[in-house]
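The values are calculated or read from the model by the stated rules, or taken from the named source; none is laboratory data. Fair warning: this is a prediction, and the values are worked out from it, not measured in the lab. All Cβ positions, glycine included, derive from the backbone under ideal geometry; neighbour counts span all protein chains shown.
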Amino acid sequence: MHRLDFPADFVWGTATASYQVEGAGREGGRSECIWDAFARKPGAVHGGENGETACDQYHRYKEDIALMAELGFKSYRFSLAWPRIIPGGDDGKVNAEGVAYYRGLIKELHDRGIKAVATIYHWDLPQSLEDKGGWPERHTAEAFADFAKVCFAEFGDTVDQWITINEPLCVAYLGYYLGVHAPGLRDIGKAIRAAHHVNLAHGLAVKAYRETGLKAPIGITWNPSTPRPATTSEADKKAALIARALESEVFMLPVLRGEYPEIVKGLNLPLPVRDGDLDIIRQKIDFIGINYYNENPVAYDPEADFKYVSKPSWQDTSDMDWPTVPGGLGRLLLWVSGIAGDLPIYITENGYASPDKVDAKGRVHDIERIRYTREHLEVCRDLIGQGVKIKGYFAWSFMDNFEWAEGYAKRFGIVHVDYATQKRTAKDSAYFFRDVIAGYGEW
């Protein structure tokens, strides 16, 4: 018999993001965010869909939290919507209705014995700030610091764990270079400037947090990549190093070491670093959040912008066409632990997209998601045994939701959502997690 045994203090959680689940896009004083505007662009989002209703968690959070508790989860990672709390973006005017919503959500979590893990920024930048230049402009980092200060003041007495920013790579590259996420721009220069300003925003927020005297741990969530070279050629090995530098080190090293990677410096990218910026970015953090879904091989390509391209993988793929590579999680975590020192590591997202349907008996048999999860949890268990400081795991996602540019076409949830009725149905994977959390993860 195989078992998934974890330490008694291991944190079991699940996660969502505000724009993906809340809905209430025109309620409670919320203003427009970049995803509202992006979704209106023809062809930007599958089916022309948007997050205006999403999963309606704004009105149904008590139902959702009750289900989390029933499944045994002890922590919920959610995000605070900037346009719901400061609708003007940078005018400092706090929306009392937005604050009341999150305080109600946090109270419900605590009443159910679930800790509140708040991500301050999960991609829903107020459109008014994008109109002023967005993340390529330093002003946005400064505005984010002011937003974070409001969050600390309004929720600091209740939040159990803070995450400043989710996946800076996606904010900078998917939004400003590849154009597949909001705001949908394709400008390398803007993407690189955005990368630095997202790093700076994190540092400014943590610096402000330390000045409050609050004691809950604070960290950041990255989706780092340690691509493997497609072949043993020196060119492909160099391509893998460049990919790791641009996709991981450009975000992690400034925070952990106060420096940008040498390879990035050699590419003559226009990082807008001012005197003192790296000292601000290198604030003491209490943990690292890691999001992982897949690993890809890369090869050298002199015609590519950054001299490398991804290559096909032989592994089975999810509904997102992402290969299933549990060994990649192991390689990634060993690398992260090597540069993280004694910092605890949390898996803040890990999940699998599959085209799930409710059967005639009211069940969702998502066997491939269970297999994917089990294999990745086995990696975590084994690394803990080797001394890697993995302290918790958050399943992505608690429920099916608005999957960014994919709209509602892709389902990552361990809870099925019928978007027409908003009915929630726990999938088999939810019961798998219930058993693992209860200490009966065996097969």
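Among what's in segment 49-71 and is within 10 Å of GLU22 (Cβ to Cβ) and of a type in the set (S, T, N, Q), pick the residue that is farthest from the chain's Cα centre (by Cα).
Among residues in segment 49-71 that are within 10 Å of GLU22 (Cβ to Cβ) and of a type in the set (S, T, N, Q), the one farthest from the chain's Cα centre (by Cα) is THR53.
Among the residues that make up segment 371-381, is at least one of them farther than 17 Å from ASN294 by Cβ, under 22 Å from the mean Cα position of the chain (by Cα) and among the hydrophobic types (A, V, I, L, M, F, W, C)?
no
In the set PRO254, PRO270, which member is touching a helix residue (DSSP H, G or I) at 6+ places or on another chain (Cβ under 9 Å), modelled with pLDDT under 95 and farther than 30 Å from SER354 by Cα? Let's see the steps before the verdict.
Details: PRO254 fails: modelled with pLDDT under 95.
None of the others qualify; the one that does is PRO270.
Tell me, yes or no, whether segment 37-52 has at least one residue that is of a type outside the set (Lys, Arg), surrounded by 14 or more Cβ atoms within 10 Å (Cβ to Cβ), touching a His at 6+ places or on another chain (Cβ under 6 Å) and modelled with pLDDT of 95 or more.
In the first step, residues of segment 37-52 are kept if they are of a type outside the set (Lys, Arg); the result is 37-39, 42-52.
From what is left, the residues that are surrounded by 14 or more Cβ atoms within 10 Å (Cβ to Cβ) are 37-39, 44-46, 49-52.
Checking which are touching a His at 6+ places or on another chain (Cβ under 6 Å) leaves us with none.
Looking for residues that are of a type outside the set (Lys, Arg), surrounded by 14 or more Cβ atoms within 10 Å (Cβ to Cβ), touching a His at 6+ places or on another chain (Cβ under 6 Å) and modelled with pLDDT of 95 or more, one finds none in segment 37-52, hence no.
Of all residues in segment 145-168 being among the aliphatic types (A, V, I, L, M) and in contact with a strand residue (DSSP E or B) (Cβ under 7 Å, 6 or more places away or on another chain), which is farthest from GLY104 (Cα to Cα)? Full working, then the answer.
We begin by selecting, within segment 145-168, every residue among the aliphatic types (A, V, I, L, M); these are 145, 148, 150, 153, 159, 163, 165.
Those still in the list that are in contact with a strand residue (DSSP E or B) (Cβ under 7 Å, 6 or more places away or on another chain) too: 148, 159, 163, 165.
On the way: ALA148: 19, VAL159: 12, ILE163: 20, ILE165: 22 Å.
Filtering first and then ranking leaves ILE165.
When ALA172 is evaluated against the numbered criteria (1) surrounded by fewer than 24 Cβ atoms within 10 Å (Cβ to Cβ); (2) within 24 Å of PHE78 (Cβ to Cβ), which criterion, by number, is the only one it fails?
Result: ALA172 passes all but (1).
Assess whether VAL94 counts as being part of a loop (DSSP other than H, G, I, E, B), in contact with a helix residue (DSSP H, G or I) (Cβ under 8 Å, 6 or more places away or on another chain), among the aliphatic types (A, V, I, L, M) and surrounded by 15 or more Cβ atoms within 10 Å (Cβ to Cβ). Give the derivation first.
Numbers: part of a loop (DSSP other than H, G, I, E, B): yes; in contact with a helix residue (DSSP H, G or I) (Cβ under 8 Å, 6 or more places away or on another chain): yes; among the aliphatic types (A, V, I, L, M): yes; surrounded by 15 or more Cβ atoms within 10 Å (Cβ to Cβ): yes.
Considered against the rule, which asks whether it is part of a loop (DSSP other than H, G, I, E, B), in contact with a helix residue (DSSP H, G or I) (Cβ under 8 Å, 6 or more places away or on another chain), among the aliphatic types (A, V, I, L, M) and surrounded by 15 or more Cβ atoms within 10 Å (Cβ to Cβ), VAL94 comes out as yes.
Kindly evaluate TYR260 against the criterion of being of a type in the set (Ser, Thr, Tyr), touching a residue at least 40 places away in the same chain (Cβ under 8 Å) and assigned to a loop (DSSP other than H, G, I, E, B).
Against the criterion (of a type in the set (Ser, Thr, Tyr), touching a residue at least 40 places away in the same chain (Cβ under 8 Å) and assigned to a loop (DSSP other than H, G, I, E, B)), TYR260 does not qualify.
Pick from ASP160, ASP111: which is farther than 26 Å from PRO224 by Cα, of a type in the set (D, E, K, R) and either surrounded by fewer than 24 Cβ atoms within 10 Å (Cβ to Cβ) or free of Cβ contacts under 8 Å to residues at least 40 places away in the same chain (or both)? Step through it out loud before you land on a result.
Details: ASP160 fails: farther than 26 Å from PRO224 by Cα.
Just one listed residue meets the conditions, ASP111.
Which residues, counting only those in segment 3-60, are closer than 30 Å to ARG374 by Cβ and β-branched (Val, Ile, Thr)?
Correct list: VAL11, THR14, THR16, VAL21.
Inspect segment 276-283 for any residue being in contact (Cβ under 8 Å) with a residue 60 or more places away in the chain, within 29 Å of GLN161 (Cβ to Cβ) and polar (S, T, N, Q) and give the result as yes or no.
yes
Looking at segment 391-443 only, could you name the residues that are of a type in the set (A, V, I, L, M, F, W, C), in a loop (DSSP other than H, G, I, E, B) and under 18 Å from TYR352 (Cα atoms)?
Step one: filter segment 391-443 for residues of a type in the set (A, V, I, L, M, F, W, C), giving 394-396, 398-399, 402, 404-405, 409, 412, 414-415, 417, 420, 426, 430, 432-433, 436-438, 443.
Restricting the remaining residues to those that are in a loop (DSSP other than H, G, I, E, B) gives 398, 402, 409, 412, 414, 420, 438, 443.
Residues satisfying the conditions are PHE398, PHE402, ALA409, PHE412, ILE414.
Being surrounded by fewer than 20 Cβ atoms within 10 Å (Cβ to Cβ) and without any contact (Cβ under 8 Å) to a residue 40 or more places away in the chain is the filter; apply it to segment 317-340 and report the residue that is farthest from ALA420 (Cα to Cα).
Ranking the qualifying residues of segment 317-340, first place goes to GLY338.
Failed condition for ARG331, given (1) assigned to a loop (DSSP other than H, G, I, E, B); (2) under 27 Å from ALA191 (Cβ atoms); (3) charged (D, E, K, R), with all others met?
It fails just one condition, (1).
Within segment 188-236, take every residue that is among the charged types (D, E, K, R) and in contact (Cβ under 8 Å) with a residue 24 or more places away in the chain and give me the one that is surrounded by the most Cβ atoms within 10 Å (Cβ to Cβ). Break it down stepwise before answering.
In the first step, residues of segment 188-236 are kept if they are among the charged types (D, E, K, R); the result is 190, 193, 207, 210-211, 215, 228, 234, 236.
From the residues that got through so far, the ones that are in contact (Cβ under 8 Å) with a residue 24 or more places away in the chain too are 190, 193, 207, 210, 228, 236.
Details: LYS190: 21, ARG193: 23, LYS207: 16, ARG210: 12, ARG228: 18, ASP236: 21.
For segment 188-236, the residue satisfying everything is ARG193.
Residue-by-condition table, conditions (1) in a loop (DSSP other than H, G, I, E, B); (2) surrounded by 17 or more Cβ atoms within 10 Å (Cβ to Cβ); (3) on the phi > 0 side of the Ramachandran plot:
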residue: LYS265; (1), (2), (3): no, no, no
residue: ILE280; (1), (2), (3): no, yes, no
residue: LYS284; (1), (2), (3): yes, no, no
residue: ILE288; (1), (2), (3): no, yes, no
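Small (Gly, Ala, Ser), part of a loop (DSSP other than H, G, I, E, B) and touching a strand residue (DSSP E or B) at 6+ places or on another chain (Cβ under 6 Å), is that true of GLY89?
On the way: small (Gly, Ala, Ser): yes; part of a loop (DSSP other than H, G, I, E, B): yes; touching a strand residue (DSSP E or B) at 6+ places or on another chain (Cβ under 6 Å): yes.
Considered against the rule, which asks whether it is small (Gly, Ala, Ser), part of a loop (DSSP other than H, G, I, E, B) and touching a strand residue (DSSP E or B) at 6+ places or on another chain (Cβ under 6 Å), GLY89 comes out as yes.
Kindly indicate whether any position in segment 132-140 is hydroxyl-bearing (Ser, Thr, Tyr), at pLDDT 95 or above and within 23 Å of GLN57 (Cβ to Cβ).
Residues of segment 132-140 hydroxyl-bearing (Ser, Thr, Tyr): 140.
Okay, now just the ones that are also at pLDDT 95 or above, so 140.
With the extra rule that they be within 23 Å of GLN57 (Cβ to Cβ), the set shrinks to none.
For segment 132-140, residues hydroxyl-bearing (Ser, Thr, Tyr), at pLDDT 95 or above and within 23 Å of GLN57 (Cβ to Cβ): absent.
Can you name the condition, by its number, that PHE73 falls short on among (1) in a helix (DSSP H, G or I); (2) under 14 Å from ALA430 (Cα atoms)?
(1)
Conditions tested, residue by residue: (1) in contact with a Leu (Cβ under 7 Å, 6 or more places away or on another chain); (2) touching a residue at least 60 places away in the same chain (Cβ under 8 Å); (3) part of a strand (DSSP E or B); (4) farther than 28 Å from LEU185 by Cβ.
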residue	(1), (2), (3), (4)
GLY25	no, no, no, no
ALA37	no, yes, no, no
LYS41	no, yes, no, no
ALA54	no, yes, no, no
LEU67	no, yes, no, yes
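From the set of residues in segment 167-195 that are over 18 Å from the mean Cα position of the chain (by Cα) and in a helix (DSSP H, G or I), which is nearest to ILE280 (Cα to Cα)?
Filtering segment 167-195 for residues that are over 18 Å from the mean Cα position of the chain (by Cα) and in a helix (DSSP H, G or I), the one nearest to ILE280 (Cα to Cα) comes out as ARG193.
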